[in-house]
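Working notes, structure below.
The values are calculated or read from the model by the stated rules, or taken from the named source; none is laboratory data. On a predicted model such as this, the values are computed, not experimentally measured, just so you know. Counting neighbours? That spans all protein chains shown, and the Cβs are built from the backbone with ideal geometry, glycine included.
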Amino acid sequence: MTTLFDVETQAAPAAAGPRPRYRVAGLDISLTGTGIATLGGTTRVPTTGRRKDTIVQRNTRMKHITDTVLTEVGHVDLACVEGPVAYTTPGGSTWDRGGLWWRIVSALLERDIPVAVVSPTARAKYATGSGASRKAAVLESAQRRYGAILESDDEADALILRAMGMEWLGTPLAEVPDGHRAALAGVQWPDREAVQAR
């Protein structure tokens, strides 16, 4: 697991008292490498599959990813999940990608963890200022802004998702330009009071 420099410990107190310390997770859900970011750092769940895998093998793979994600996330106040990508020409694993996404989101909701759904373009815009940025640019920006050593773009995406949730809750991991912050407006956020009351 990649450890971040505990940037949240330096949060300045607000005028009315100390700022709340929220537990936020960022999840970049993928069949080949799900990225996870929590207070403890970032990690990735790599798996491989084959087109000829049986339905039992495919289910076992998705269960492994889901169980690992839930273990890493634990009990948090908010989970920021990258929304599913629309595929115009469905491939062999389209159903599995969608099934894995819903499996993880459903498991989070069953734990009463509020979930925010962030589009890939909003994630890229928050990271770089452009919703059209490629994953390499997001990775470079995440490493530079948060001082993190990230081993994959999956982890970078997850860290950006987590940073967006922290920003939305008023405890940003780092200052970002207003143009980047505008990406928060396009996120499907849960009820803020429900998150803050946890």
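List of remarks:
- Options Arg134, Arg61, Arg111, Arg103; residue that is touching a residue at least 40 places away in the same chain (Cβ under 8 Å) and over 25 Å from Thr171 (Cα atoms): Arg103
- Screening the candidates Arg192, Arg144, Arg181 for the property of being charged (D, E, K, R) and under 22 Å from Leu109 (Cα atoms) yields one hit, Arg192.
- Selection status of Val195, in a helix (DSSP H, G or I), of a type in the set (A, V, I, L, M, F, W, C) and in contact with a strand residue (DSSP E or B) (Cβ under 9 Å, 6 or more places away or on another chain): yes
- Single residue of Thr42, Thr66 found to be touching a helix residue (DSSP H, G or I) at 6+ places or on another chain (Cβ under 8 Å), under 30 Å from Leu173 (Cα atoms), surrounded by 12 or more Cβ atoms within 10 Å (Cβ to Cβ) and in contact (Cβ under 8 Å) with a residue 60 or more places away in the chain: Thr42
- Arg134 more than 22 Å from Pro177 (Cα to Cα) and surrounded by fewer than 18 Cβ atoms within 10 Å (Cβ to Cβ): no
- Test: Val115 is within 12 Å of the chain's Cα centre (by Cα), of a type outside the set (Asp, Glu) and surrounded by fewer than 21 Cβ atoms within 10 Å (Cβ to Cβ): yes
- Close pairs (8 angstrom Cβ cut-off, 6 or more residues apart or separate chains): under 16 Å from Ala132 (Cα atoms) in the stretch 82-95, at pLDDT 85 or above and among the hydroxyl-bearing types (Ser, Thr, Tyr) anywhere: Glu82/Ser119; Gly83/Ser119
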